[in-house]
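All remarks here apply to the structure that follows.
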Amino acid sequence: MTDPHTTTTPPPPGRGGSPTGATVLGYPRQGPGRRLKRAVEGHWRGRTSAEELLAVGAELRRDRWQEMASAGLTEVPVGDFSYYDHVLDTTLLLGATPARFTDLPAGDDPAGRLARQFALARGTDSQPPLEMTKWFDTNYHYLVPELGPGTRFALHAEDLLRQVGEARELGLAARPVVLGPVSYLSLAKADEPGSDFDPLTLLDRLVPVYAELLTALAGAGAEWVQVDEPVLVLDQPAGLLERVREVWTALAATPSRPRLLVATYFGALGEAAPVLAGLPVEGLAVDLSAAPGSGTRAANLAALRAAGHDLAGKRLLAGVVDGRNVWRTDLAAALDVLTELGGLVGSLDVSASCSLLHVPLDLAAETSLDPGVARCLAFARQKLAEVALLADGLRRGREAVAGAVADDAAARSALRTSPLTVRPDVRERVAAVGAADTRRRGTAEERRRSQQQRLGLPLLPTTTIGSFPQTEEVRRARAGLRRGELDPAGYQAAMRAEVERVVALQEELGLDVLVHGEPERNDMVQYFAEQLDGFLTTEEGWVQSYGSRYVRPPVVVGDVSRPAPMTVEWSRYAQQLTSRPVKGMLTGPVTMLAWSFGRDDLTPAETATQVALALREEVQDLERAGIAVIQVDEPALRETLPLRRAAREGYLDWAVRAFLLTTAGVDAGTQVHTHMCYAEFGEVLEAIIALDADVISLEAARSRMEVVADLREARYPHAVGPGVWDIHSPRVPTVADVVASLELALAGGVPAERLWVNPDCGLKTRGYAEVEPALRVLVEAAGVVRERL
Ligand code: GLN
Ligand code: ZN
């Protein structure tokens, strides 16, 4: 370990002088068996003390550093570990706790800081928690900094400095990781609701705190510091790149600082590339992943080539291993890229395209994968080995790793030609899709008339979004089936009994369009992934969603098709219990893909067509089974919108087409519903109209039906059920509340013939204690408003 540099401009590593390095930008925090989740939740329940939790954290950090070092990494990230969220950690590091939290726990020791962190994440007696939102286009959620003109920053680097010490004590080259000032402010929001305060105006106030941090890190022995500026891959507001240049010029002039590595990830740099390359910093990290259809690798390679001598003295972390997907790296292609880059830069590190936080921890935890598929997968731990292997290949020559490269190529080509992945029947069906397959029969008006004739619904029909509470008995039956304590017949009987209960309850409540309640579904994506050919599900493939919550995304491994009906028996069973219509319930193609890992040999658009064709068969089978109303949920449609504006139109085209392919095969008299878990449609409104669904239900209760004005402005031609019950809150609305919401919708321009009455979202996470009275209120309120029409 060398001493930190103490000059204003540390000498750059000479071209060809340093051996190729191997490192990653970040690593999963969870630990084996999701140890961190158990410790954190145990702490919240009062079973694990703060000291015990801190000890678990220290042990997990140590283990992952050692794991990285023994895999062959030459430098390890420090500070990417978090008990909850790294953006929240940054807020605490910068002393930017919002003023509204006046009752935060005190104590200037690690336990006190931990308590404050959890208070901001989970709320206090007097304050709701920090808002949570999606981290770029991943399925990770961060806690949004709340900043205002009154925000004052102050450095609190104790925890980070201690971690640098922990890693150095292990004899490792430790590279602290912090979220950069431009990104931090760009990801923040104004602390006054409705204010037009722009957090980026705080840059001048923030930069000196970062400078102070750099000096402190140098003092702690850090030779390099990784400062993440992922916002550089977004479309930039005017003038921002100029500010980036100023900020980094100022930071580079900090006396006594480590060498600076500006890390970017999640896509192509575009117009930010020349700015980034020209910054007076010693190192850069660039996304060079090769996801099909993304164009990231080609675009960033071209940008690096164009940067010319700006790069000659710099260190480059080349993110050739995809940190967003679970497939092993095409080693031969990666070596080509790395070899070229080696000639352009001062020194090269092999790396992953982003933190490995976004992939599961360890493939070895999977016990029942097809061996041919497993051979082609790489989770975080396997990706470390790939990074190290590629670095080794650059150091010792390609021949030295020829065996591994050949093995990789063989595994890949075996999978590509396996009947598991390429299905001629699926390819033929895809090729045969024509324009007529994505067009509904009949105009919206004709459909409305024939559906009305068939269904005979009252004005303001009442319905729900699909799921009913997943009770203890339902969960127990599912666990029993998994453990083999309950046989499939016993499980089916238990689920049927639940469907009977749910249908009887809805009849008793007087709802107009019923649902079966989805008791048989563990998760709206996994349930279908388990039944579709071409998807695989994992046992332990957990990925952090937020805080202590993890999800297990399925993996699309091959051509998708439907070997057998998936939901038809449940819907048919529910329908024969009642004379009222029972709504069939499917997850749409865009959401299926958004919450899964995609293939590395087909674009998302191509896979979406396959998924849509499989779902189309299900829709048609439901129709044949006498189901007159079919809902296709697409809660991920908006969140999947590409980060760059230029890519959005192409995305919306395939997304709409996939939805239409799923739904357009039915008769005019079959009513197609869709559901979205939000109401701020913004630029997807046109696409939502193009879905041509007869009825859309969406979240609206909290925003007081604001969506109604947008729909009117866009002349939304179909029926709409703006949610009248905020199911995210345990509060049961009153009849007056719901009547007021419905009247707002009517006054806002939704014609009575096109207004539906429903909750904001599914009821899966609520209890019957709220569901029963709330639905009673909905039905009663619909009656009250109907009377007045
Ligand atoms: N039909 C699903 C349910 O009710 C919809 C869930 C969702 O919108 N996320 O649970
Ligand atoms: Zn929803």
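Of note:
- Some residue of the stretch 728-745 being within 16 Å of ligand 2 (Cβ to nearest atom) and farther than 27 Å from Tyr651 by Cβ: yes
- For the stretch 37-60, a residue qualifies if it is among the small types (Gly, Ala, Ser) and part of a helix (DSSP H, G or I), and the qualifying residues are Ala39, Gly42, Ala50, Ala55, Gly57, Ala58.
- In the stretch 672-699, the residues that are farther than 15 Å from Phe659 by Cα and either near ligand 1 (Cβ under 10 Å from one of its atoms) or crowded, with 24+ Cβ neighbours inside 10 Å (or both): Cys677, Tyr678, Ser697, Leu698, Glu699
- Scanning the stretch 583-621 for residues that are more than 16 Å from ligand 2 (Cβ to nearest atom) and among the small types (Gly, Ala, Ser) turns up Gly584, Ser596, Gly598, Ala605, Ala608, Ala612, Ala614.
- Scanning the stretch 637-681 for residues that are within 16 Å of ligand 2 (Cβ to nearest atom), among the aliphatic types (A, V, I, L, M) and assigned to a loop (DSSP other than H, G, I, E, B) returns Leu637, Ala679.
- Selection within the stretch 725-749 - over 13 Å from Arg788 (Cβ atoms) and not hydrophobic (A, V, I, L, M, F, W, C): Asp726, His728, Ser729, Pro730, Arg731, Pro733, Thr734, Asp737, Ser741, Gly748, Gly749
- Residue tally, condition assigned to a loop (DSSP other than H, G, I, E, B) and of a type in the set (A, V, I, L, M, F, W, C), over the stretch 246-258: 1
- In this entry, Thr578 is excluded by the filter for residues that are within 16 Å of ligand 2 (Cβ to nearest atom) and at pLDDT 95 or above.
- Taken over the stretch 17-34, residues that are in a loop (DSSP other than H, G, I, E, B), over 18 Å from Ala69 (Cβ atoms) and either touching a His at 6+ places or on another chain (Cβ under 7 Å) or of a type outside the set (S, T, N, Q) (or both) amount to 1.
Per-residue answers, yes or no, for (1) touching a residue at least 40 places away in the same chain (Cβ under 8 Å); (2) surrounded by fewer than 19 Cβ atoms within 10 Å (Cβ to Cβ); (3) in a loop (DSSP other than H, G, I, E, B):
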site: Asp196; (1), (2), (3): no, yes, yes
site: Leu202; (1), (2), (3): yes, no, no
site: Leu206; (1), (2), (3): yes, no, no
site: Leu213; (1), (2), (3): yes, no, no
site: Ala222; (1), (2), (3): yes, no, yes
site: Val225; (1), (2), (3): yes, no, no
site: Leu232; (1), (2), (3): yes, no, no
site: Pro237; (1), (2), (3): no, yes, yes
site: Val244; (1), (2), (3): yes, no, no
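- Residues of the stretch 700-714 classified as surrounded by 17 or more Cβ atoms within 10 Å (Cβ to Cβ), more than 15 Å from ligand 2 (Cβ to nearest atom) and without any contact (Cβ under 8 Å) to a residue 40 or more places away in the chain, total: 1
- Look at the stretch 144-164: where a residue is assigned to a loop (DSSP other than H, G, I, E, B) and a partner is of a type in the set (S, T, N, Q), sitting 6+ places away or on another chain with Cβ atoms under 7 Å, you get Val144/Thr133; Pro145/Thr91.
- Among the residues making up the stretch 578-609, those that are of a type in the set (Gly, Ala, Ser) and within 17 Å of the chain's Cα centre (by Cα) are Gly588, Ala594, Ser596, Gly598.
- Only one of the numbered conditions (1) touching a strand residue (DSSP E or B) at 6+ places or on another chain (Cβ under 9 Å); (2) over 21 Å from Pro642 (Cβ atoms) is not met by Tyr265, and that is (2).
- Restricting the first member to the stretch 540-563 and to residues that are aromatic (Phe, Trp, Tyr), and the second to residues that are at pLDDT below 95 and surrounded by fewer than 19 Cβ atoms within 10 Å (Cβ to Cβ), the beta-carbon pairs closer than 6 Å and six or more apart or on different chains are Tyr546/Met132.
- Top-ranked residue in the stretch 564-584 [being part of a helix (DSSP H, G or I) and touching a residue at least 40 places away in the same chain (Cβ under 8 Å); ranked as surrounded by the most Cβ atoms within 10 Å (Cβ to Cβ)]: Ser571
- Hits in the stretch 47-97 - residues which are of a type in the set (D, E, K, R), out of contact with any His (no Cβ under 7 Å at 6 or more places or on another chain) and over 14 Å from Arg116 (Cα atoms): Arg47, Glu51, Glu52, Glu59, Arg61, Arg62, Asp63, Arg64, Glu67, Glu75
- Qualifying positions in the stretch 69-80 - buried (at least 24 other Cβ atoms within 10 Å of the Cβ) and more than 14 Å from Gln163 (Cα to Cα): Leu73
- For the residues Arg624, Arg599, Arg549, the requirement of being of a type in the set (D, E, K, R) and buried (at least 18 other Cβ atoms within 10 Å of the Cβ) singles out Arg599.
- So Leu301, is it in a helix (DSSP H, G or I), buried (at least 22 other Cβ atoms within 10 Å of the Cβ) and over 25 Å from the mean Cα position of the chain (by Cα): no
- Among residues of the stretch 447-474 that are aromatic (Phe, Trp, Tyr), none has a Cβ under 7 angstrom from a residue that is away from ligand 1 (no atom under 16 Å from the Cβ) at a sequence gap of 6+ or on a separate chain.
- Residues of the stretch 585-631 that turn out to be away from ligand 1 (no atom under 16 Å from the Cβ) and assigned to a strand (DSSP E or B), as a count: 1
- Residue-level check: of (1) acidic (Asp, Glu); (2) without any contact (Cβ under 8 Å) to a residue 40 or more places away in the chain; (3) within 16 Å of ligand 1 (Cβ to nearest atom), Glu634 misses just (2).
For every residue, the table says whether it meets (1) in contact with a Leu (Cβ under 8 Å, 6 or more places away or on another chain); (2) in a helix (DSSP H, G or I).
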| residue | (1), (2) |
| --- | --- |
| Trp725 | yes, no |
| His728 | no, no |
| Arg731 | no, no |
| Ser741 | no, yes |
| Leu746 | yes, yes |
| Gly749 | yes, no |
| Val771 | yes, yes |
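The values are calculated or read from the model by the stated rules, or taken from the named source; none is laboratory data. Note that the coordinates shown come from a computational prediction; the quantities given were computed from them, not determined experimentally. All Cβ positions, glycine included, derive from the backbone under ideal geometry; neighbour counts span all protein chains shown.
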